[in-house]
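*Asks:* I have a structure here, written as structure tokens, and I will follow up with some questions on it.
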Amino acid sequence: MAQSLWSKGLSFSKRWWPRQSEWALVVAIGLAVVFTAVVDSNHSYYTQPLESLRDIARNTALLGIFALGAAVVIIAGGIDLSSGSMIALSGTVCATTMLALAPAEVMSFKPVGPLIVAAACGASLVTGFVVGTLHAWLITVVRLPPFIATLATLVGLRSFARAICESSTAALTPTKSALINVADPLFKTVRDNVWIPVAVFLLLAAFTWLLLARTVLGRHLQALGGNEQAARLAGIRTDNVKWFAYCFGAMTAALAGLFYVANEAVAAPVNQGRGHELNAIAAAVVGGCSLSGGVGTVPGTVLGAVFLRVVIDAVSKLIKTGADVYEGLIVGIVVVLAVTFAQAGGSPRPDRRLLPGSLGLCTIPILALVVGSLTGMTMGGRAGIVTGVTTGVLLSALRIWESRQQAAGRRQAPAAPSGMQR
Amino acid sequence: MSSGAPIAVAMRGITKRFPGVIALDGVTLEVERGELHAICGENGAGKSTLMKILSGVESPDAGQLEVDGVPVQFSGTRAAEAAGIAIIHQELALVEELSVAANVLLGREPRTRLGLRDEAASRRRAADLLQSLESTIDPACRTGSLRVGDQQLVEIAKALSLDASIIVMDEPTSALTEAESARLERTITRLREQGRTILYISHKMDEVFRLADRITVLRDGQHVRTVTRRDTTPAQVTGWMVGREIAGHAFHQSRQPGPPVLEVEGLCLSASEPGRSDRLRDVSFTVHAGEILGIAGLMGAGRTEILETIFGATTANWSGTIRLGGQMVRFGHPREACRAGLAMVTEDRKRLGLFGNLDVAGNVSLCQLSEVVRGGLLSRHAEADLVAGPIKQTGVKTPSIRAAITGLSGGNQQKCIISRWLLTQPRVLLLDDPTRGIDVGAKAELYALIDQLCRDGLAVVLTSSELPELLTLSDRVLVLSEGRVSKELSRAEATEQRIMAAATAG
């Protein structure tokens, strides 16, 4: 009886049809672009469409490459906080290898040759594998929680990268330096041709999608993230699956590190990639990955990365000067809103209140202050006061409405089934 | 029958559903002020759920709760405590990292005039309460460092600290020694002298008949009857607890056991923590093809540990020999056991068996994914073809093989997990309490399925917390007591009384 309902055609088409949350992201991206195009007083999306597209594409590709790694780790039920530092270490290893193999050329900004560049890039990727293996060992053998293990490498790897940079420059060049310039034309080609990082990102996305959706290992990653104990009892070598996940995470960060070096023509372990691990996790989470593991898709993560970069770009177009100051704030707000909407879409609870009790009361002026001061700083004092007060009034009205609803709900139907906890 | 005392607690038509199972079905119960009312029933009868509703942990889907004649609706345990109801949970609800005193007064910490916590006062208060339980636990020591029995006493002291007029005790002696149980009984007597009402959940008949004024029997979420103790006998109450019709069907008849498949000899498993006794001691048994071996035992007797050790799922040290089809085996990981032809359906379906993030097909195909690889990639068509067979064989009812497994009932979820293991074509099937939390109808279907698998030549090892289940299915019953085999009974010899006697033998 049930078998007759399995229409293979149905399941096939459903598989290719993006989920609802992914459509929502596509719409949100579209809205952000249209909004920026209209509101931006320079109209740069009209006047310089190619330049704008190139900026967004490059930034998205760089973020997306290691966001895919972060997504795989998160889907496997772990977390990798170290990718920002891994980017710095990868760049440093790459530059140091070139410096060691061809010190004269590197110092005089001459080409070092494709063989040496390949060796340098290979060394970076191997470093990614080494770091991933270290993570897996710390987590599965030493039994550290993933958060702690990768927190340790988050601080440790950057310091290590700086030490490598300083000691190698001290040994191989006349002066000790905190950065190594990279002037090889191959890197310049990558910098000038945005399609290269974009193509690498798309290829990696296709590979990751295939891995998760269509391979045994991908299914095992999902099973591990969904229920680790059950996965082990079902005969899955969970330690090996984790090993793969953390290596994938670290190696994608290493790959991204090479592009950062190409982009900035320098390996600068002090600042390169600093804080980027959180952007990657944010892209994965906005794209629908659940931090409790087992849930998440590649298309979602790609769209999450695009959305994050489009919004950041919109802010820089609207604010003109010093927009990078607001980048963290934007990422924070986007994550809160996206995850809130994703949760609300999953299980609508009629009895849920946004501003309950004294906590809700305290939150009203805080939200009003945040909105007001943000508008004030970007659009002038008067606008700030107006939006702040308006926000306060609207939230107060919501609070009063919610209290009334609850009082009404209490009066009628005493034995109404409440939202069941699962 | 009624002594005419006022009604302290009344529950009318209480119904509670969990996904896939009705835990309580219109249960009505009245408890008089000052009585000790025992609630009896098998595992899964709904005793604990009823008490959770009374103490505000769960809210009922339908029905009315009254305390002293006033309808109430508890939004949480705090509300129930305010109405004078305290519960001693079966599962310990203690914060292990905090001191005993801090746990006893958690959420109601005494304060000094400056508003700081008054450690001295809370220790004094905790010490007084523990003394009333005749216990010498130091209130300052870390709760996690105590034995389970002592932790249970802390839990009891916590409930007493509320000074509640109605106290619910959910199997309070399950972790206590004889001496501790006797002390608890003396405390209960004192509480009753103070006029408190006690609801006492237990399936230990001797306790119930020593303490109770009245006894209520629940079965499969339904109220069977309430009687005064004087008017009944333990045998009668046990009969009401068990008396289900499907228990009458004996599946074991006319099964023909084949050659021995799994032989276990001298299995010992060391303790999970130093200082505790070994979890398994010298366990030996043999299972034949086409035979079901039942393993009985109380909670913590080592039923699960036996299966996990055989399956290579334990990380602790163990000794002994295991032969599979005459070959010595020693599995270091469940994967090796799976390869060698063992399959294990785990005890706690949700925690150890199901993947809520995978669909029905994904849950079933998980152990045989290599069979659906085409050109290095998983083929969804091949996967659908692969899982169709076992899903049909086990009779899973699902709208589609791509449906979310969390939407299925408990019985269908369990059939999916059995399907997963059937795909590996095992020689031995280890079933750890396979019908826990499954409603009666689905149980009967699972029994028929297990019987059929056995007739097809599979060797089955079955553990269960329900004796009727073991008696219905097993050819032989192995009874465990504290990690040792205390008795092996053939089907002809096995009765509930004999199994119980062997399970509680020291």
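*Asks:* Give me the inter-chain shielding for B:305-314: mean count of other chain Cβ atoms within 10 Å, whole number please.
*Replies:* Other-chain Cβ atoms within 10 Å of each residue's Cβ, averaged: 1.
*Asks:* Restricting everything to alpha-carbon atoms, can you work out Rg to Rh for segment A:14-118 with a Kirkwood hydrodynamic radius?
*Replies:* In segment A:14-118, Rg relative to Rh is 1.13.
*Asks:* Something else: List the lysines whose Cα sits under 23 Å from the Cα of residue A:176, skipping any in the same chain fewer than 8 residues away.
*Replies:* A:110
*Asks:* Now for a different question. Using Cα-only point scatterers and the Debye equation, what is log10 of I(q)/I(0) for segment B:414-506 at each q in 0.10, 0.20, 0.26 Å⁻¹, rounded to two decimals?
*Replies:* -0.28, -1.02, -1.40
*Asks:* Let me ask something else. Using a cut-off of 13 Å between alpha-carbon atoms, which aspartates and glutamates can reach residue A:317, once sequence neighbours fewer than 8 places away in the same chain are excluded?
*Replies:* Partners within reach: A:40, A:51, A:55, A:327.
*Asks:* Find the centroid of the Cα atoms in segment B:436-469 and in segment A:123-196, then give the distance between the two in whole Å.
*Replies:* The two parts, judged by their Cα centres, are 56 Å apart.
*Asks:* Here's something else I'd like to know. My understanding is that a pair violates if its Cα-Cα distance is over 24 Å; which of B:47/B:397; B:16/B:443; B:397/B:443 do that in this structure?
*Replies:* B:47/B:397
*Asks:* For q values of 0.10, 0.11, 0.12 Å⁻¹, compute log₁₀ I(q)/I(0) with the Debye formula on a Cα-only model of chain A, without solvent.
*Replies:* For the requested q values the scattering log ratios are -0.82, -0.97, -1.10.
*Asks:* Further question on the same structure: Taking GluC sites (Glu not before Pro) as exposed when DSSP calls them loop (any state but H, G, I, E, B) and at most 10 other Cβ atoms lie within 10 Å, what is the longest stretch of chain B free of them, the sites themselves excluded?
*Replies:* B:98-506
*Asks:* Which of A:289, A:362, B:454 has the fewest other C-beta atoms within 10 Å, and how do the rest follow up to the most?
*Replies:* A:362, B:454, A:289
*Asks:* Now for a separate question. Of the listed pairs B:204/B:350; A:242/B:350; B:204/B:487; B:415/B:487, which have alpha-carbon separations greater than 25 Å here?
*Replies:* Pairs exceeding 25 Å: B:204/B:350; B:415/B:487.
*Asks:* Taking only the alpha-carbon atoms of segment A:357-409, what semi-axes of the equivalent ellipsoid follow from 5 times the gyration tensor eigenvalues under a square root, in whole Å, largest first?
*Replies:* For segment A:357-409, the semi-axes come out at 27, 10, 5 Å.
*Asks:* For segment B:47-146, run through the trypsin sites (Lys or Arg not before Pro) and keep only the ones in DSSP coil with at most 15 other Cβ atoms within 10 Å of their Cβ.
*Replies:* B:108, B:113
*Asks:* Amide H neighbours of residue B:295 under 5 Å, at least 5 residues apart or on other chains, H built in the peptide plane: list them.
*Replies:* Residues meeting the criterion, in which the H sits 1.01 Å from N, are B:462, B:463, B:464, B:478.
*Asks:* Convex hull volume of the Cα atoms in chain B, per residue, in Å³?
*Replies:* Given the Cα convex hull of chain B, per-residue volume reads 168 Å³.
*Asks:* Here's something else I'd like to know. Counting every Cα pair in segment A:157-248, what percent are over 18 Å apart?
*Replies:* Pairs farther apart than 18 Å: 68 percent.
*Asks:* Can you give me the Cα centroid spacing of segment A:236-291 and segment B:309-385 in angstrom?
*Replies:* 32 Å
*Asks:* Quick check on the protein assembly as shown: of the DSSP beta bridges with both residues there, what percent are antiparallel, nearest 5%?
*Replies:* Rounded to the nearest five, the antiparallel share is 60 percent.
*Asks:* Same structure, new question: Using the Cα centre of chain A as the reference point, and only Cβ charges (+1 on K/R, -1 on D/E), how large is the resulting charge dipole? Debye, rounded to the nearest 20.
*Replies:* 1260 debye
*Asks:* From the phi angles alone, apply the Karplus equation (6.51, -1.76, 1.60; θ = phi - 60°) to segment B:287-296 and give each ³J(HN,Hα) in whole Hz, x where the residue is Gly or Pro.
*Replies:* Those phi angles translate into 10, 9, 4, x, 9, 10, 9, x, 10, 10 Hz.
*Asks:* Under the Karplus relation 6.51 cos²θ - 1.76 cosθ + 1.60, θ = phi - 60°, what is the ordered set of whole-Hz ³J(HN,Hα) values for segment A:275-280, x standing for Gly and Pro?
*Replies:* Per-residue couplings from phi come out as x, 5, 4, 6, 4, 5 Hz.
*Asks:* Note down the magnitude of the dipole of the protein assembly as shown about its Cα centre, charges +1 on Lys and Arg C-beta and -1 on Asp and Glu C-beta and zero elsewhere, to the nearest 20 debye.
*Replies:* Using only the charged Cβ atoms, the result is roughly 1560 debye.
*Asks:* ³J(HN,Hα) across segment B:6-14 via Karplus (A = 6.51, B = -1.76, C = 1.60, θ = phi - 60°), whole Hz, x for Gly/Pro?
*Replies:* x, 7, 7, 10, 10, 10, 10, x, 6
*Asks:* State the volume of the convex hull built on the alpha-carbon positions of segment A:48-93, expressed per residue in Å³ and rounded to an integer.
*Replies:* Here the figure is 81 Å³ per residue.
*Asks:* What FRET efficiency comes out for the pair residue B:233/residue B:147, r = Cβ-Cβ distance, R0 = 35 Å, nearest 0.05?
*Replies:* 0.50
*Asks:* What translational diffusion coefficient, in µm²/s and rounded to a whole number, does the Stokes-Einstein relation yield for segment B:16-57 at 4 °C and a viscosity of 1.567 mPa s, taking the hydrodynamic radius as the Kirkwood radius over Cα pairs?
*Replies:* Stokes-Einstein gives a translational diffusion coefficient of 112 µm²/s.
*Asks:* Give me B:220, B:128 ranked fewest to most by other Cβ atoms within 10 Å of their Cβ, as a rough exposure proxy.
*Replies:* B:128, B:220
*Asks:* Then there's this: Quick one: which residues, 5+ away or cross-chain, put their amide H under 5 Å from the amide H of residue B:262? H built at 1.01 Å from N.
*Replies:* Distant-sequence amide H within range of residue B:262: B:287, B:325.
*Asks:* Nearest 500 deg cm²/dmol is fine: what mean residue ellipticity at 222 nm does the protein assembly as shown get from its DSSP H runs of n ≥ 4 alone, each adding -39,500 (n - 2.57), divided by its residue count?
*Replies:* That comes out to -16500 deg cm²/dmol.
*Asks:* Still on this structure, I have one more. Using only Cα atoms, find the angle between the long axis of helix B:410-422 and the longest principal axis of chain B, and express it within 0 to 90 degrees, rounded to the nearest 10.
*Replies:* For B:410-422 against chain B, the angle is about 30 degrees.
*Asks:* Excluding residue B:82 itself, calculate the net charge of residues whose Cβ lies under 14 Å from the Cβ of residue B:82, where each Lys or Arg counts +1 and each Asp or Glu counts -1.
*Replies:* That sum, taken over residues with Cβ under 14 Å, equals -1.
*Asks:* Taking the Cα atoms of the protein assembly as shown, what is the range of coordinates along each of the three principal axes, in descending order and whole Å?
*Replies:* Dimensions of the protein assembly as shown along the principal axes of its Cα atoms: 100, 73, 58 Å.
*Asks:* How big is segment B:254-504 in terms of Cα radius of gyration and Dmax, in angstroms?
*Replies:* Looking at segment B:254-504, its Cα Rg and Dmax stand at 18.0, 59 Å.
We did not get these values from a lab; they are worked out from the coordinates using the rules stated. Note that the structure is predicted; figures quoted are calculated from it, not measured. We place every Cβ from the backbone using ideal geometry, glycine too, and count neighbours over all the protein chains shown.
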